[in-house]
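Take a look at the structure set out below.
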Amino acid sequence: MKRPTLRPKFRFFSILALAGAMLFGATQESNADDVIASLRDRFQSPDVSEIPDFQKHVVPLMGRLGCNGRACHGSFQGQGGFRLSLFGYDFEMDHEGLSDRIDTDEPLDSYALQKPTLIEPHEGGKRMDVGEWEHTVFLKWIEGGAKGVKTPLKLNALVVSPKEIQFSNKNQNQPLSVTAVWADGTEEDVTCLCRYTTNDETICQVDEDGVVSSGEVGDSHIVVAYDGAVVPIPVLRPVSDQTGSNFPELAATTAIDEHVVNKLSKMGIIPSDVCTDAEFLRRVSLDMTGTLPTAKEVREFLADSSADKRERKIDELLDSPAYSAWWTTQLCDWTGCNDQALNNVNPSNRQRGSEDWYDWIYKRIENNVPYDQIVENIVIANSREPGENYREYSERMSSYARDEDASYADQDGLIYFWGRNNFRATEDRAIGFAYTFMGTRIQCAQCHKHPFDVWTQKDFQEFEQFFTRVNFARNGADRKEYNEIVEELGLKDLNGNEQRRAMEKALKDGKTIPFPELTISTPRLTGAQKKKIAEAKAKGKKAQATGKMARLLGEQTVDVDNIDDPRTALMDWLRQSPTQLFAKAFVNRVWANYFNRGIVEPTDDLSLGNPPSNGPLLDYLAQGFIDSGYDMKWVHREICLSDTYQRSWKPTETNIHDERNFSRAVPRRLPAEVAYDAITMATLNDDRAELFTNDLDGRALTQTSPPRNARGGIDYALSVFGRSTRESNCDCDRSSEASLLQTLFVRNDDDTLNMLDDRNGWLASLSRQSQEKAADAGVKRKVENLERRMAQLQRQLKKAEKAGSKGQVTKLEKQLAATELQLLPLTAEPTANEGKKSQQDLNALIEEAYLRTVSRFPSESEQTIAMAHLKDSEDLNAGIKDLMWALLNTKEFLVNH
């Protein structure tokens, strides 16, 4: 028996050449008449003469048996000194590893056969039986010489049938049929060789033979993987019998509604009705602009009876400064604007980096610059303008930091994106780039084939090459000019923070200081390349040597050493890739802002193994976004005008559990910045609230970066409510989870209580408008004084009458009459109208409190309860404060619905 040489193999490379990130099986059908029967059928008999293929049969079979999985030999450490590539992406590595465990002279004695059949002890247990078809496949491969793969054959398509599975009951079964279509024209049934996984085992499960069984009602996907292909298959089990022809006719007013209703009709889900005007106004204002509507705005919108008022409101909000501020914050999240990562990008101020970044994006969103142009000016950002030297560049950057009429936002490119201290290594850049602009997680491919997509380690390594020549030079690319400027400033002998502080002072004094800059380095040539170029020049030919090759994640190959800036190829690819991940990532994230979840969820995990809940919907939005010229407002308007967005949160019998098919509005907690601003807005007086919608100073929406320490004030509040930490590239840096600290903040935090009592607040304005308690005390004292005066005059009058002094009597009678006239209005009983007016005033105050907080009028029962509390309150202002505090602490206030 040939036993293995027990030595670890740590060779992380792949020779598998993929055609590209194509959706296998999406555009090609197999010809059933020409399909080769499955390996299971062909190798039932031990007398079969066929020799299995290593790529097509042996490696996939090891995947079926679990040999190259994470828990076995596919782990980083391998098992028992034997390591395979995870999921079989590296044919050379796998073949070399197996070669130590096979015996071509005595195939049955091969360790690779005796371990999985438990002839030899095997920690992984029995994986196959002697004489079964799996054993026969391995045996025949060894008998045939155990040949490996010289050049991998391209898999053109993986065709899975049926393309969609619809169950009607629990515990039903549906077998899948899978055909591999190879570049050499052959087609083979590979059903028995695929890896099958379910995305939700409560809804559907699948066995190793591809037989899908139904579970609870709902929809999910079965993911089929073979060779380099990954194909998701939708699985649906309707929640009711109202499907197909039994589904009610619903008006689909937009293309979005058509795609959503089409899916709902398959699921038997009846969507909720369209929401009320009050719900719509509050929802769209908070979602689109991160701003609570004012009480005045609510009244005007509810009083407007025109049919197009919702459409006009959407356009109005899209033109507001708050829209620009909220979506600047979102783009700063996605691109990673964080002062802790920007320590040295701007020597004028350590905090200036995030402010410049925010202003740069804000200006472009305010001007509705197309999204692809914004991204282009990030991806291929350059420090210097054409013809500018380093000193001139530093003078311009100094003016941005120093002059009020100049701004970093005027700079063409956002060079800071490349200057972050967590974005220096090429692997960090590759991962971050994919997260930010493609909504894709490729970090798994750093070490092995991506388990849920087609990316291999080789793809990752080739993608990294686009970033190797991009440098962010802290001391500028021209070190001579940098040193000259430092010497002119008299800072040559200073270092570190001491020099930085001195530069800040010099800038304030009107001087030019040196700035970091982004550069593209010249490729390093090998000796052979230099020789080739020299020979070409000697012959008068174009001098160019083949440089370093990079690949755009399984798509085009680019010679990055022979283009001026490799990033231009990246930008072209984002726009032109057939996967449309660039457009899909954006529209999916925007959709998630409005619906609490993306069409693909998580929003930064667009992959073949994590397909959209509604593929046609995502395709429509992505293509529409591209066709609009990457107009961001087109996406917002298209979503918000749909009935799908405007549906009520109140569920029907069929959609009460639906959170992935958009049949109703799913209540969700307000994002951190929006929640804080909403509390501020609700408690401000009318004039300040009006300003708050357009004046962005002090708004939480304009906080440019997470702080280094969130110990108090607005920073603490935003931390409690889950603002994005921007620590990694993951969308999960922002949290929407509820917590006890959030409850305590709104109930008891000094910040919240101070907002209620603020002198610019609504409660303070009420107190100034109506000093009822103080006025009542003054009237009482005045009445008492007048009554004492009358008693005194009456005593004096009696004495004068008794004395017979007619002149004195006349004088005292006039004084007494005048005093009675002063006293009469102060002691008169209130009229019925005056009493009614007081009741109306209290009702108006209650309505105002509700409009300020939950953006609607109170119900009759709410009005009655609030009125009773106000009447029972000794101090009206205290009663109103109680009401406002209670409304701020309702779920309705902190949840967008």
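The values are calculated or read from the model by the stated rules, or taken from the named source; none is laboratory data. Keep in mind that what you see is a predicted model, and the values were worked out from it rather than measured. Every residue, glycine among them, receives a Cβ derived from its backbone with ideal geometry; neighbour counts consider all protein chains shown. Surface areas here come from the heavy atoms of the whole protein model, side chains and all, with no ligands, DNA or RNA. Shrake-Rupley method; radii C 1.70, N 1.55, O 1.52, S 1.80 Å.
Any idea what the dipole of the chain comes to, in debye rounded to 20, about its Cα centre with Lys/Arg Cβ at +1 and Asp/Glu Cβ at -1?
2880
Tell me, what is the percent relative contact order of the chain, built from C-alpha pairs under 8 Å that lie six or more residues apart?
12
Out of the total accessible area of the range 186-343 (probe 1.4 Å, heavy atoms of protein only), what percent is carbon and sulfur?
On the way: 2440 of 5380 Å².
C and S fraction of accessible area: 45 percent.
Averaged per residue, what accessible surface does the chain expose to a 1.4 Å probe, in Å²? All intermediate terms of the calculation are to be shown ahead of the outcome.
Details: 40890 Å² over 897 residues.
On a per-residue basis, 46 Å².
Nearest 10 degrees is fine. How inclined is helix 277-289 to the longest principal axis of the chain, computing both from alpha carbons?
Helix 277-289 sits roughly 60 degrees off the main axis of the chain.
Based on alpha-carbon positions alone, could you give the equivalent ellipsoid semi-axes of the chain from the gyration tensor, as √(5λ), descending, whole Å? Write out the running numbers ahead of the final one.
On the way: eigenvalues 967, 304, 103 Å².
After diagonalising the Cα gyration tensor, the semi-axes are 70, 39, 23 Å.
What do you get for GluC sites (Glu not before Pro) in the range 259-324 restricted to DSSP loop and a cutoff of at most 15 other Cβ within 10 Å of the site's Cβ?
Hits after loop and neighbour filter: nothing returned.
Out of Tyr393, Gly413, Tyr435, whose Cα points farthest toward the positive end of the dipole of the range 382-436 (charges: +1 Lys, Arg; -1 Asp, Glu; placed on Cβ)?
Value: Tyr435.
Ordered by residue, what ³J(HN,Hα) values in Hz, to whole numbers, does the range 807-819 give under the Karplus form 6.51 cos²θ - 1.76 cosθ + 1.60, where θ = phi - 60° and Gly and Pro are x?
With coefficients 6.51, -1.76 and 1.60, one gets x, 5, 4, 4, 4, 5, 5, 5, 5, 5, 5, 5, 5 Hz.
I'd like the distance between the alpha-carbon centres of the range 643-690 and the range 379-410, rounded to an integer number of Å.
So the two Cα centres are separated by 42 Å.
So, with a 1.4 angstrom probe, what is the percent of accessible area on the range 581-635 that is carbon and sulfur? Walk me through the numbers on the way to the answer.
Working: 640 of 1320 Å².
Ligands and nucleic acids excluded, carbon and sulfur give 48 percent.
Calculate how steeply helix 876-888 sits against the longest principal axis of the alpha-carbon atoms of the chain, using the helix alpha-carbon long axis, and give the answer as 0 to 90 degrees to the nearest 10.
So the helix axis and the longest Cα principal axis differ by about 10 degrees.
If I model a spin label at Leu250 and Gln863 as a point 7 Å from the Cα along the Cα→Cβ vector, what separation in nanometres do I get?
3.4
Could you tell me how many degrees, from 0 to 90 and to the nearest 10, lie between the Cα long axis of helix 255-267 and the main elongation axis, the longest principal axis, of the Cα atoms of the chain?
It works out to around 70 degrees.
Please tell me the relative contact order of the range 171-230 in percent, rounded to the nearest whole number, where contacts are Cα pairs under 8 Å and at least six residues apart.
The value is 33 percent.
Tell me, what ³J(HN,Hα) does each residue in the range 741-754 have, in order and in whole Hz, if you take phi through Karplus 6.51 cos²θ - 1.76 cosθ + 1.60 with θ = phi - 60° and put x for Gly and Pro?
4, 5, 4, 5, 4, 5, 7, 10, 5, 4, 4, 5, 5, 5
With a 10 Å radius around each residue's Cβ, average the other Cβ atoms per peptide and rank 869-875, 220-226, 344-350, 320-326, highest first.
Numbers: 869-875: 12.3, 220-226: 24.1, 344-350: 19.6, 320-326: 21.4.
With the highest mean Cβ count within 10 Å placed first, the list reads 220-226, 320-326, 344-350, 869-875.
Express the relative contact order of the range 184-315 as a whole percentage, based on alpha carbon pairs under 8 Å and six or more residues apart in sequence.
RCO, the range 184-315: 14 percent.
So which chymotrypsin sites (Phe, Trp or Tyr not before Pro) in the range 65-167 pass both tests, a DSSP loop state and at most 15 other Cβ atoms within 10 Å of the Cβ?
Qualifying residues, ordered by number: Phe76.
Could you work out how much longer the chain between Asn694 and Ser240 gets when fully extended? Use 0.36 nm per residue separation minus the Cα distance between them, nm to one decimal.
Residue separation times 0.36 nm, minus the Cα-Cα distance, leaves 158.7 nm.
Quick check: the distance between the Cα centres of the range 210-226 and the range 262-295, to the nearest angstrom?
31
Could you tell me what percent of the accessible area of the range 730-770 is made up of carbon and sulfur, with a 1.4 Å probe and every protein chain present?
That fraction is 48 percent.
Suppose every Lys and Arg Cβ carries +1 and every Asp and Glu Cβ carries -1, with no other charges. What dipole size does the range 575-691 come out with about its Cα centre, to the nearest 20 debye? Please list the in-between numbers first.
Details: 13 positive and 16 negative charges, 41 e Å.
Computed charge dipole of the range 575-691: roughly 200 debye.
Multiply the residue separation of Glu801 and Val895 by 0.36 nm, subtract the distance between their alpha-carbon atoms, and state the gained length in nm to one decimal.
26.0 nm
How do 371-380, 208-217 rank on mean C-beta neighbours within 10 Å, highest first?
Output ranking for 371-380, 208-217: 371-380, 208-217.
Would you kindly derive the ³J(HN,Hα) couplings of the range 426-441 from the backbone phi angles with the Karplus curve 6.51 cos²θ - 1.76 cosθ + 1.60 (θ = phi - 60°), listing them in order in whole Hz, with x for Gly and Pro?
4, 5, 5, 5, 4, 5, x, 4, 5, 4, 5, 9, 10, x, 10, 9
Please compute the modelled spin-label separation between Gln792 and Leu821, points set 7 Å along Cα→Cβ, answer in nm with one decimal.
2.0
Starting from the Cα of Lys802, draw a straight line to each of the aspartates and glutamates and keep only those under 18 Å, dropping any in the same chain fewer than 8 residues away.
Glu813
Using a cut-off of 13 Å between beta-carbons, work out the net charge of the residues near Arg597 (Lys and Arg +1, Asp and Glu -1, Arg597 not included).
So the surrounding residues net to -2.
Taking every pair of alpha-carbon atoms in the range 278-423, what share in percent sits in each 10 Å bin, from 0 to the bin with the longest distance?
In order of increasing distance, the bins hold 10, 34, 27, 16, 10, 3, 0 percent.
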